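Structure record follows, encoded as structure tokens.
The values are calculated or read from the model by the stated rules, or taken from the named source; none is laboratory data. Please read these numbers as outputs of a predicted model, since none were measured by experiment. We place every Cβ from the backbone using ideal geometry, glycine too, and count neighbours over all the protein chains shown.
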């Protein structure tokens, strides 16, 4: 069977005011950044000195931090001892660059010992200690990754105390900036990936107009557990569906994409009604990570003449039908079957629906009707949604404007962000 190829990619409107790259620095990243931070007020600053002769070093034992408290100093004669002493409470490392290369092997790399320490302690601030005639080597150490370098002959207690505090703060700043950049890049990649997973309706040759609105409930996401699609088969029938995987995480979003792709492939292969839903249930049962996960689904197949359609409901709210001169109403849902994944071997009835010559058909997920109304516990519900759409239609709203207004109104009534995903699809036929 030939598959229609769209001439252009129509990206549906995605509402995701929470999808801010800067806001992506949270959760585990924020906790990890806190772990790498300088010591909080009241904590003791700890310095690890790595030098082959710490007894003869010019380090003043009575180092003081910014609060005037003594700095705890640990000493290590070699990298083996340093690795043993490098615990989480160490905030800064003072490294003698004159130490021999790790393992005692010959190498042309004058900073081999620094490279080893940076690899050993990537989360710690590092100060390089050089001789009076080796400033160039110290500058190179900073370019490699040390926070600063100090000249042994010029070292005193005040200078070292200030250098340690500076190194710790600079390391924390560098780490936070690096993680912020990484989180922004990940957010950009995730947005491109999730946007690419949204459907491109295959409706070439159809006179029906298509509009969609999508708002995930998951923070900083573009894609949630809701899914939808629309295709036109070679016989002129337009098939549309909308569904909802229980839950709001990335696993549910991935399962929703799998079900949408499976629905499109099965529809283009000629399946419809109970046969289609039964096969989708098999896909769900094989792909879901937990046996308690289920999905609701609403499918419609609109005849080539556009005047009537077949409707299947699997635990999903019934679509809303709008016709000129007749108040908007819900389609019959008496034969609503079980959600996919709830009952093995379930069957679903296909109902015939008369649409007429001119109409609008709105498919939606329960995120549109389960938002609260005001400060009480009452929810908008299907009746409240119908009244809301009737009012917006009376104001002259149609198509994309109608969907945008509906989602905004639901959010306003909820007095805040909706916790559930919201997807709305609108098909229009004009005389």
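Applying the criterion of being within 26 Å of residue 254 (Cβ to Cβ), part of a loop (DSSP other than H, G, I, E, B) and touching a strand residue (DSSP E or B) at 6+ places or on another chain (Cβ under 8 Å) to the residues of region 385-431, the residue that is modelled with the highest pLDDT is 421.
One residue stands out among those in region 68-94 that are outside any strand (DSSP E or B) and under 15 Å from residue 160 (Cα atoms): the one that is modelled with the lowest pLDDT, which is 68. If you go through region 283-303 and keep only what is loosely packed, with under 13 Cβ neighbours inside 10 Å and either at pLDDT 95 or above or outside the structural domain of residue 321 (by TED's automatic domain parsing) (or both), you end up with just 286. Does any residue of region 67-76 turn out to be under 44 Å from the mean Cα position of the chain (by Cα), exposed (fewer than 12 other Cβ atoms within 10 Å of the Cβ) and within 16 Å of residue 52 (Cβ to Cβ)? Scanning region 67-76, I find no residue that is under 44 Å from the mean Cα position of the chain (by Cα), exposed (fewer than 12 other Cβ atoms within 10 Å of the Cβ) and within 16 Å of residue 52 (Cβ to Cβ), so the answer is no. If you go through region 164-185 and pick out every residue that is in contact (Cβ under 8 Å) with a residue 40 or more places away in the chain and either under 11 Å from residue 124 (Cα atoms) or surrounded by fewer than 18 Cβ atoms within 10 Å (Cβ to Cβ) (or both), you end up with 11. The numbered conditions (1) out of contact with any helix residue (DSSP H, G or I) (no Cβ under 9 Å at 6 or more places or on another chain); (2) assigned to a strand (DSSP E or B); (3) farther than 27 Å from residue 356 by Cα are all true for residue 281 except (2).
Just one of the listed residues (265, 346) is part of a helix (DSSP H, G or I) and either surrounded by fewer than 18 Cβ atoms within 10 Å (Cβ to Cβ) or at positive phi (or both), namely 265. With the condition kept exactly as written, say whether any residue in region 227-235 is surrounded by fewer than 19 Cβ atoms within 10 Å (Cβ to Cβ) and under 25 Å from residue 206 (Cα atoms). Yes. It is to be established whether one or more residues within region 123-133 are surrounded by fewer than 19 Cβ atoms within 10 Å (Cβ to Cβ) and either under 30 Å from residue 250 (Cβ atoms) or in contact (Cβ under 8 Å) with a residue 60 or more places away in the chain (or both). For region 123-133, residues surrounded by fewer than 19 Cβ atoms within 10 Å (Cβ to Cβ) and either under 30 Å from residue 250 (Cβ atoms) or in contact (Cβ under 8 Å) with a residue 60 or more places away in the chain (or both): present.
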